[in-house]
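Down below is the structure, laid out as structure tokens.
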Amino acid sequence: MRSPVPRFRDVERQASGLQPVQCLPPCHERQNIMWFIKDACGIVCAIITWLLVFFAEFVVLFVMLIPSKNLTYSLVNGTLFNSLAFLALASHFRAMCTDPGAVPKGNATKEYIESLQLKPGQVVYKCPKCCSIKPDRAHHCSVCKRCIRKMDHHCPWVNNCVGENNQKYFVLFTMYISLISLHALVMVVFHFLYCFEDDWTKCSTFSPPSTVILLILLCFESLLFLIFTSVMFGTQIHSICTDETGIEKLKSEDHTWEKTPSWEAMKSAFGGALSIAWLRPFTDLSCQKDTLDPVPMFPQGEIIEEDVIEIPLEPH
């Protein structure tokens with residue numbers, strides 16, 4: 001379920017003690033602009049991820065499949081591996097370049113709070129770092145420099161936060177990487193057995209020492225990727241089904257929100273009822289845009305100074 005706007009809390013209470021930063025009035029944020037975090041570490045990690053996939057492609061194609069004498073074996077495994085690799089990279093790109101659920105900057109104005117039509121006595125919290133009214137279950141990311149709805153964690157390998165709008169793509173990325181890693185390991189084992197039975201000079205276009213080194217590197221890479229992404233995939237599915245993000249578990253936060261049933265949570269995270277679209281990183285989430293939290297189209301007054309705002313009670 002999308003996190004509702006009328007419910008607010010700030011689990012990062014210690015942030016209120018920080019020195020306030022200078023906030024600008026809210027301005028229109030164009031939703032059509034591609035989301036991209038300019039973080040050096042994240043960009044390097046993302047590039048390394050793509051290079052490792054391309055290395056696996058090189059070894060699988062030019063060391064194992066193309067030199068193979070069995071055309072059917074090469075075609076079937078080549079098609080399967082390349083399809084999974086393409087889906088993995090597409091999922092990585094979508095996870096990296098999709099807004100994870102950033103709260104509009106600088107909307108902590110009196111006019112904006114009044115437009116929320118909150119109940120008397122209700123308390124809302126302003127993030128002192130990005131000057132935004134923090135919805136329930138939103139957390140501030142120091143790398144993205146934004147408050148993110150249902151933030152699970154910031155992943156440098158996708159150079160982005162994993163939040164309510166891009167969790168599907170992150171889950172697909174980990175799933176497809178684990179599948180191509182398993183596939184590569186199986187092919188490496190079969191290739192070693194084939195080379196042991198046959199002449200090493202005939203089982204690859206490379207020299208025997210080069211072939212062994214490339215296969216060992218691919219085996220090591222695939223094993224590490226398989227372990228890491230399988231754990232991440234299981235963790236993300238468990239997080240979705242229990243309706244509790246990684247950061248909420250880490251901080252042992254009280255469940256002040258109404259928990260969503262597991263199957264409904266899965267449908268919400270993957271954008272609808274069970275279908276082939278769940279496995280496609282090209283489909284957008286049908287409930288991605290939250291109409292309850294419109295982006296301000298123009299400045300709406302001065303930023304309030306208080307970090308904790310209580311809606312005054314109506315006079316009797």
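The values are calculated or read from the model by the stated rules, or taken from the named source; none is laboratory data. Since we're looking at a predicted model, the values are computed, not measured. All Cβ positions, glycine included, derive from the backbone under ideal geometry; neighbour counts span all protein chains shown. The protein model used for the area step is the full one, side chains on, heavy atoms only, and it has no ligands, DNA or RNA in it. Shrake-Rupley method; radii C 1.70, N 1.55, O 1.52, S 1.80 Å.
Quick rundown of the values:
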{"quantity": "Conditions (1) touching a Ser or Thr at 6+ places or on another chain (Cβ under 9 Å); (2) of a type in the set (A, V, I, L, M, F, W, C); (3) open to solvent by 50 Å² or more (accessible area, probe 1.4 Å); number of the one not met by Ile240", "calculated": "(3)"}
{"quantity": "Test: residue in segment 172-182 that is in contact (Cβ under 8 Å) with a residue 40 or more places away in the chain, part of a helix (DSSP H, G or I), closer than 20 Å to Phe220 by Cβ and open to solvent by 20 Å² or more (accessible area, probe 1.4 Å)", "calculated": "yes"}
{"quantity": "Test: residue in segment 78-88 that is aliphatic (A, V, I, L, M), more than 24 Å from Ile37 (Cβ to Cβ), open to solvent by 20 Å² or more (accessible area, probe 1.4 Å) and within 20 Å of the chain's Cα centre (by Cα)", "calculated": "yes"}
{"quantity": "Elements of type strands (runs of 3 or more DSSP E) contained in segment 84-155, each with 3 or more residues being under 25 Å from Met232 (Cα atoms) and touching a residue at least 60 places away in the same chain (Cβ under 8 Å)", "calculated": "138-141"}
{"quantity": "Only one of Phe58, Phe54 that is at pLDDT 95 or above, in a helix (DSSP H, G or I) and open to solvent by 90 Å² or more (accessible area, probe 1.4 Å)", "calculated": "Phe54"}
{"quantity": "Flag for Phe196 being in a helix (DSSP H, G or I) and touching a residue at least 12 places away in the same chain (Cβ under 8 Å)", "calculated": "no"}
{"quantity": "Residue check, Thr211 open to solvent by less than 40 Å² (accessible area, probe 1.4 Å), out of contact with any Pro (no Cβ under 8 Å at 6 or more places or on another chain), modelled with pLDDT of 95 or more and part of a helix (DSSP H, G or I)", "calculated": "no"}
{"quantity": "Subset of segment 184-200 (residues that are surrounded by fewer than 19 Cβ atoms within 10 Å (Cβ to Cβ) and either within 20 Å of Leu226 (Cα to Cα) or under 34 Å from the mean Cα position of the chain (by Cα) (or both))", "calculated": "Leu185, Val186, Val189, Phe190, Phe192"}
